[in-house]
């Protein structure tokens, strides 16, 4: 089964075509990653096209879409989820959401780890994992200075993600790659659902906090009260 994997939860605009095989490892057929925190809307469609061209596959061959649902900034997530939903509707295939932090996995090493991404406003998104990648708690947002205390109950001994790299001097734990969600890992998280042709899912973004821009409230009257 060919799965198109997308993630726009970080400055990395990622697209990948992955083949899922029952009982086998996911096979990467093509990928395109463009890092630009301000160009998700402009860069995602070209990244998808480049990914498919590298794989030598046309869009109608895609049988499912996997997409990172965050946590991440409002605008970036909306681009990825909206694109995934549009492709799903156009092709008549299922779409499956994955916590983006689940796709930031260290290549090797022992002991529990945490995936940490930059949430801006001097905060980070994070989640703790066992050594084999099982998430131990829901994703959360916090200030880097208090994150070590929040990680302690989970026995975390190492960190991955761009947020950990950005605040490495504050977090006080070893930091390693990768920096951003990996599309092959993202697709692998959907394997059980995709291979049994589970129904498409309603994509629920993990914003974890209110967007930077809000609708204006009612205008205040400048007339004196009577």
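Within the stretch 55-64, the set of residues being part of a helix (DSSP H, G or I) and either crowded, with 16+ Cβ neighbours inside 10 Å or modelled with pLDDT under 95 (or both) comprises 55 only. When restricted to residues that are in contact with a helix residue (DSSP H, G or I) (Cβ under 6 Å, 6 or more places away or on another chain), surrounded by fewer than 24 Cβ atoms within 10 Å (Cβ to Cβ) and part of a strand (DSSP E or B), the stretch 1-26 contains 1.
The residue that is surrounded by the fewest Cβ atoms within 10 Å (Cβ to Cβ), counting only those in the stretch 27-38 that are without any contact (Cβ under 8 Å) to a residue 40 or more places away in the chain and either part of a strand (DSSP E or B) or touching a strand residue (DSSP E or B) at 6+ places or on another chain (Cβ under 7 Å) (or both), is 36.
Scanning the stretch 106-130 for residues that are surrounded by fewer than 17 Cβ atoms within 10 Å (Cβ to Cβ), in contact (Cβ under 8 Å) with a residue 12 or more places away in the chain and either assigned by TED's automatic domain parsing to the domain that holds residue 70 or under 17 Å from residue 182 (Cα atoms) (or both) returns a single hit, 107. Would you be able to say whether some residue in the stretch 40-50 is within 20 Å of residue 196 (Cα to Cα) and assigned to a helix (DSSP H, G or I)? No; the residues of the stretch 40-50 include none that is within 20 Å of residue 196 (Cα to Cα) and assigned to a helix (DSSP H, G or I). Residue selection: residue 70 satisfies the criterion of being crowded, with 22+ Cβ neighbours inside 10 Å and within 16 Å of the chain's Cα centre (by Cα).
The values are calculated or read from the model by the stated rules, or taken from the named source; none is laboratory data. All figures in this text were calculated on a predicted structure; none of them were measured in a lab. Don't worry about glycine lacking a Cβ; one is built from the backbone with ideal geometry, like all the others, and counts go over all protein chains shown.
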